[in-house]
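Asker: Below is a structure I'd like to ask you about.
Values quoted throughout were computed directly from the atomic coordinates according to the rules given, and no laboratory measurement underlies them. Source: prediction; values computed, not measured. Please note: Cβ atoms are built from the backbone with ideal geometry, for glycine as well, and neighbour counts cover all protein chains shown.
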Amino acid sequence: MIITKQKDIEEIYEMTKPYSKILVAGCDGCCQPPRSINEAKVLAQMLELKARSEGRDLKWKAITVLRQCDDRIAATTLRPFIEEYDAIVSLACGLGVGMLNRIFPTILTFPAQNSMFGGAENNGENYFVEYCETCGDCLLGVTGGICPMAGCAKNLSNGPCGGQVEGKCEVGGYIHDCAWVKIWERLKKFNRLDLFTIYRPPRNYYLWSSPRYIHIYEPISNEEEPKKEEKI
């Protein structure tokens, strides 16, 4: 899931101040904490109160979208309301904001969230943690399921640096665990330290550079094209 943090209400208000009719769009997708219809209504009400304090009238509608990052779902859900409003405030992650600006080019969509990282929720300890950096070259099969890219402050791919002390990382003041020490301990537990010693070539950062594209359906090469039957 994508972890988001709501922007300060003052920042959101300043972005939308030139507009008097605002569509506030929540998202039922993977954002955590949830940013759905209830959150959209609360945000809209807060913006309305800010406007009233300055003697302005603000018309708003709160709505939610199943997934703002899906162009067809977003377009189908929001299109009936677009002509009635001057701007959109999106409670989705940056993917949703970018998508709405693309499919509705005649109206601006503003972000109400800061997208923090892709992570998971540890309910027992009440926090979100980054487990994956979507680097395009997954190492979890040889690191015991612990991602060194997300877990190591220096993104090291072949073991710990000299900065770890008693399993703690120097970055941040020896508070966080060293990802590579955790990897070594986990592989040792399963008697798979052979994976720890595998040589891993330098990372292909081309896979991680932006912008990135993935074709949903790979094109068929000329060699694989079925031969057309000749007419007799």
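Asker: If one puts a single equal scatterer on every Cα of the chain and applies the Debye formula without solvent, what log₁₀ I(q)/I(0) results at q = 0.07 Å⁻¹?
Answerer: For the chain, the Cα-only Debye profile gives -0.37.
Asker: Taking +1 at the Cβ of each Lys and Arg and -1 at the Cβ of each Asp and Glu, which of 183, 196, 122 sits farthest along the dipole of the stretch 79-214 towards its positive end, judged by Cα position relative to the Cα centre?
Answerer: Toward the positive end, the furthest listed residue is 196.
Asker: Continuing with this model, one more query. Please work out the FRET efficiency for the pair residue 73 and residue 171, using the Cβ-Cβ distance as r and a Förster radius of 25 Å; give the result to the nearest 0.05.
Answerer: 0.05
Asker: Based on C-alpha coordinates, I'd like the Rg and Dmax of the stretch 71-110, in Å.
Answerer: Just the Cα atoms of the stretch 71-110 yield Rg and Dmax of 9.1, 24 Å.
Asker: Determine Rg/Rh for the stretch 2-116; Rg is computed over alpha-carbon atoms and Rh is the Kirkwood hydrodynamic estimate from the same atoms.
Answerer: 0.93
Asker: Same structure, new question: Counting every Cα pair in the stretch 135-205, what percent are over 17 Å apart?
Answerer: For the stretch 135-205, the share of Cα pairs beyond 17 Å comes to 39 percent.
Asker: In the chain, what % of DSSP beta bridges are antiparallel (nearest 5)?
Answerer: Restricted to the chain, the bridges split so that about 40 percent are antiparallel.
Asker: Also: Could you tell me the extents of the stretch 75-154's C-alpha atoms along the three principal axes, largest first, rounded to whole Å?
Answerer: Projected onto its principal axes, the Cα set of the stretch 75-154 covers 52, 30, 24 Å.
Asker: Right, next: Please give me, ordered by residue number, the GluC sites (Glu not before Pro) of the stretch 33-108 that lie in loop per DSSP and have at most 15 other Cβ atoms within 10 Å.
Answerer: 54, 83, 84
Asker: For the chain, what does the relative contact order come out to in percent, with C-alpha contacts under 8 Å and a separation of six or more?
Answerer: The value is 16 percent.
Asker: Can you sort 56, 35 from fewest to most other Cβ atoms within 10 Å of each residue's own Cβ?
Answerer: Going from least to most buried by this count: 56, 35.
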